[in-house]
1. If you go through region 240-254 one residue at a time, how many are surrounded by 10 or more Cβ atoms within 10 Å (Cβ to Cβ) and either in contact with a Lys or Arg (Cβ under 9 Å, 6 or more places away or on another chain) or within 16 Å of Asp209 (Cα to Cα) (or both)?
2. Of all the residues that make up region 127-176, how many are in contact with a Ser or Thr (Cβ under 7 Å, 6 or more places away or on another chain), within 22 Å of Arg230 (Cα to Cα) and at pLDDT 85 or above?
3. May I ask you to list pairs of residues, at least six apart or on different chains, whose Cβ atoms are under 9 Å apart, with the first in region 5-16 being without any contact (Cβ under 8 Å) to a residue 60 or more places away in the chain and the second being exposed (fewer than 15 other Cβ atoms within 10 Å of the Cβ) and of a type in the set (Val, Ile, Thr)?
4. Does at least one position in region 28-50 carry a residue that is under 23 Å from the mean Cα position of the chain (by Cα), closer than 22 Å to Ser103 by Cβ and surrounded by 15 or more Cβ atoms within 10 Å (Cβ to Cβ)?
5. In contact (Cβ under 8 Å) with a residue 12 or more places away in the chain and part of a loop (DSSP other than H, G, I, E, B): is that true of Leu243 in this structure?
6. Can you tell me which of Gln202, Gln240 is farther than 22 Å from Val128 by Cα and more than 24 Å from the chain's Cα centre (by Cα)?
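The values are calculated or read from the model by the stated rules, or taken from the named source; none is laboratory data. Source: prediction; values computed, not measured. We place every Cβ from the backbone using ideal geometry, glycine too, and count neighbours over all the protein chains shown.
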Amino acid sequence: MKNTKPLYRQIYEFLYEGICADTFKNGRLPTDGQLMRKFSTTRATVAKAMRELEMAGLIERRPGAGTIVRPATKTHGAFVSTLIAGLGDTEFFEPICAQIAQSCHACNLSLLWGPDSHSTAFARDASVAHVIEHFHCQNVKGVFFAPDEGVDATTFHRNQQIAERLTRSGIAVVLLDRDVVPFPEQGAYDVVGIDNVNAGFQQAKHLVDMGCKRIAYVARPGQLWTKDARLFGFKLAIEQFNLARSACHVFCGDVMDARF
């Protein structure tokens, strides 16, 4: 399949993967001329890829000495881990966890996975204190935490409790995919995810641009943080494009259920 990514991005990813895999001899990257020939492109395109790597803190451009891999900060045996609450169907998180692994390698951090998967599962009846004790024993300094997706009061309280107790114990927390507070509130933690409101808006806008007059929004049953945000964006689009509410329906159910 033809690579449709911009050339500068292809160069960036080629060099990034080489840095992560430690394939460049003595940490010295290919010259601009070598990259220009390899990718059949211009010096300006190569320079753009190099600027991206430099801004990410991965390389140093030294006049007369070429481009070298920036030494990673030593972490004295520190680990980071993932913690996914209410873990069930996990294929959504596999590419995320793979990217976390690459980034940790580039930053000289050790990544601690669960025993049977690319993440540490955290059951709804698990003890927070036990998990924290386990992390401390393994010198875990930071956790990528994916909160349980339900939006009932009990689930939000549980998610907040986990994040706050990790923080109080000295473990840094970054949230994956969703917040620990009800939508549209914003909590105290950094969240890595997509703009779900804009995603719902763009879904509806695409159908409107295709000439659709009657639109159905189909979602899984139950209240979910990400679903609520996308549904909000969908409703914004319906209002902005002046579609009749009677022609736009929301259906919640199990798509594997023939009756639904």
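1. Of region 240-254, the ones surrounded by 10 or more Cβ atoms within 10 Å (Cβ to Cβ) are 240-241, 243, 247-254.
Narrowing further to those that are either in contact with a Lys or Arg (Cβ under 9 Å, 6 or more places away or on another chain) or within 16 Å of Asp209 (Cα to Cα) (or both): 240-241, 243, 247-250, 252-254.
Matching residues across region 240-254 total 10.
2. Residues in region 127-176 being in contact with a Ser or Thr (Cβ under 7 Å, 6 or more places away or on another chain), within 22 Å of Arg230 (Cα to Cα) and at pLDDT 85 or above: 0 in total.
3. Close Cβ pairs (under 9 Å, with a partner that is exposed (fewer than 15 other Cβ atoms within 10 Å of the Cβ) and of a type in the set (Val, Ile, Thr)) amount to Leu7/Thr42.
4. Kept after step one, since they are under 23 Å from the mean Cα position of the chain (by Cα), are these residues of region 28-50: 49.
Narrowing further to those that are closer than 22 Å to Ser103 by Cβ: 49.
Applying the additional criterion that residues be surrounded by 15 or more Cβ atoms within 10 Å (Cβ to Cβ) yields 49.
Among the residues of region 28-50, at least one is under 23 Å from the mean Cα position of the chain (by Cα), closer than 22 Å to Ser103 by Cβ and surrounded by 15 or more Cβ atoms within 10 Å (Cβ to Cβ), which makes the answer yes.
5. Working: in contact (Cβ under 8 Å) with a residue 12 or more places away in the chain: yes; part of a loop (DSSP other than H, G, I, E, B): yes.
Yes.
6. On the way: Gln202 fails: more than 24 Å from the chain's Cα centre (by Cα).
Gln240 is the lone residue from the list that is farther than 22 Å from Val128 by Cα and more than 24 Å from the chain's Cα centre (by Cα).
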